[in-house]
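To start, the structure under review is shown below, and the notes come after it.
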Amino acid sequence: MADPRTIARQAVDALGGRANITDVENCITRLRVTVRSLDRVDESGPRAIDGVLGVVMDDTVQIVLGPGLVNEVADAMAEEAEAEAGADGIRPGSPERTDAAGLHERGEQIRGDRKRRNQTPVKAFLRRIANIFLPLIPALIACGIIAGLNGVLTNFVTRGWAPWAAPVTPVLAAVASGFMTLIAVFVGMNAAKEFGGTPILGGAVAAIIPFAGVAKVTIAGEKLAPGQGGVIGALLAAILAAYLERWARRWAPRSLSMLVVPTFVVLVAGVLTIFPLMTLSGWLAQGIGDLANGLLQHGGALAGLVLAGLFLPLVMLGLHQALIPIHTTLIEQAGYTVLLPILAMAGAGQVGAAIALYVRLKRNAGIRSTIRSALPAGFLGVGEPLIYGVTLPLGRPFITACVGGAFGGMFVGLLNQLGTTVGSTAIGPSGWALFPLTNGSRGIGAAIAVYAGGLVVGYVAGFLATYFFGLSKAELERLNAADDTTVVGEPGMSEEASAEPGRRAGVENAAR
């Protein structure tokens, strides 16, 4: 089993040393490291580390480690960075391989193209929005699982099956709901920090939204409701507060800035939050909820097919980050987001496609080894190793994988249209990891059954589409050559070398 401290030390070294690292954060599966200079990064270094599933080079270096391990490595890396403070951090770059060819070369091209596409103002803004919500995901997951457990126990109590749980359910309800009640405050703090303001001021302004006293405020004859506008209102309020703070610090006398700036920011941003922002963001949040529910109620099968089929291309373009506040808004309104289980079907299509390639390429030891190493992560919803290292560089299998995901989404959407709504009580996990978070209009049991059915449809459709249409006859013959031991990420590598756990097999790195 990979040691977090060893991974941390090797990662710091490969990323150019402590002096080259400016920030380390993590989401549910990835370590996100901001570096001063990408030129100092040994690009082949992180992906050679035992335990690393893959690496994506973007404006941050994203090291895919998987759930659990990523938290341990983040902590160990912070300690390692502390220990190396003061070092110059310059490490001679490792010689680049010059024998890259075939699929690896395609993967490198995809990685470069993707990086260039991501350097746009719109995508930079979406990444900032993602940075606001990503730190909230662990709490969302925990509260979602607790809410699901509470739902099961409540059903048991109602049916008389577990009278002992009657005093327990109110406690679990409080634990699960406390965070969601104040999520606007956390969004406000993160948003203010991301946009250059003081986090506590952003939180103070955003705290107005869930405050019960806003019910006494009347605008155009209509009383405000506590929580109106939700996370969208909090996001806008905190961004406004950050800009007001930065502007106020330019003109406020230095001797009085401690008093003047915070008062000015909270007063002005607070008043603007109460009057236009809560009303406007309330309309927007309601519109998002109505649109999502209406889309699935009236066009469920078609909507599911389109959403799941296009999700992976959205990920490739970096546009999926815009969905994070939408998911959070839906969770605030209904207790779950109906979009995530449908979008998760895209990963099922990838798994089915990978299994089909494994079956078809019986004589390609390298690619089969890569697929064996990446499949467990794929089943748990970490799809990058399969996407960037197998299906995307091959081209057509990526399309057939999207087709498989589309059929899975169509199944879930159809059941939604027929009255069995399926949602996720938190954002972050997908694949099998989403099971503990499923809920819906007919209870947790029905939601789990529909979601499982969607995964099976996605697996089967992705397998069949890729088996019959994923490879041309010429490609099949070339990749199935008797002496072909090519690994997607490392052409020419033998099966024995490529089978080292966690080292070469995380071949999403080809798309760094």
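The values are calculated or read from the model by the stated rules, or taken from the named source; none is laboratory data. Worth saying up front: this structure is predicted, and the values here are computed from it rather than measured. All Cβ positions, even for glycine, are placed from backbone atoms using ideal geometry, and neighbour counts span all protein chains on display. SASA here: full protein model, heavy atoms, side chains in, ligands and nucleic acids out. Shrake-Rupley method; radii C 1.70, N 1.55, O 1.52, S 1.80 Å.
Scan the range 228-287 for residues that are polar (S, T, N, Q), in a helix (DSSP H, G or I) and farther than 29 Å from Leu323 by Cα and the total you get is 2.
Condition check for Gly419 on (1) closer than 18 Å to Ala292 by Cβ; (2) free of Cβ contacts under 8 Å to residues at least 40 places away in the same chain; (3) assigned to a helix (DSSP H, G or I); (4) not charged (D, E, K, R): one failure, at (3).
If we scan the range 360-372, do we find a residue that is open to solvent by 30 Å² or more (accessible area, probe 1.4 Å) and modelled with pLDDT of 90 or more? Yes, because at least one residue in the range 360-372 is open to solvent by 30 Å² or more (accessible area, probe 1.4 Å) and modelled with pLDDT of 90 or more. Here the condition is being of a type in the set (Val, Ile, Thr), surrounded by 15 or more Cβ atoms within 10 Å (Cβ to Cβ) and in a helix (DSSP H, G or I); of Val171, Val187, it holds for Val187 alone. Taking the range 430-473 as the range and being touching a residue at least 60 places away in the same chain (Cβ under 8 Å), open to solvent by 20 Å² or more (accessible area, probe 1.4 Å) and under 20 Å from the mean Cα position of the chain (by Cα) as the test, the residues that pass are Ser430, Ala433, Pro436, Asn439.
Among the residues of the range 264-292, those that are of a type outside the set (A, V, I, L, M) and either open to solvent by less than 20 Å² (accessible area, probe 1.4 Å) or in contact (Cβ under 8 Å) with a residue 60 or more places away in the chain (or both) comprise Gly270, Thr273, Thr279, Ser281, Gly282, Gly289. If you go through the range 313-337 and pick out every residue that is within 15 Å of Ala130 (Cα to Cα), open to solvent by 50 Å² or more (accessible area, probe 1.4 Å) and modelled with pLDDT of 85 or more, you end up with 0. For the range 30-69, a residue qualifies if it is open to solvent by 20 Å² or more (accessible area, probe 1.4 Å) and either basic (Lys, Arg) or closer than 20 Å to Ala2 by Cα (or both), and the qualifying residues are Arg30, Arg32, Arg36, Arg40, Ser44, Ala48, Asp50, Leu53, Pro67, Gly68, Leu69. Restricting attention to the range 34-64, the residues being assigned to a loop (DSSP other than H, G, I, E, B) and either over 17 Å from Arg128 (Cα atoms) or among the aliphatic types (A, V, I, L, M) (or both) number 12.
Among the numbered conditions (1) open to solvent by less than 40 Å² (accessible area, probe 1.4 Å); (2) under 24 Å from Glu332 (Cβ atoms), the only one that Gly408 does not meet is (2).
Only a single criterion out of (1) open to solvent by 50 Å² or more (accessible area, probe 1.4 Å); (2) in contact with a strand residue (DSSP E or B) (Cβ under 8 Å, 6 or more places away or on another chain) is not satisfied by Leu310, namely (2).
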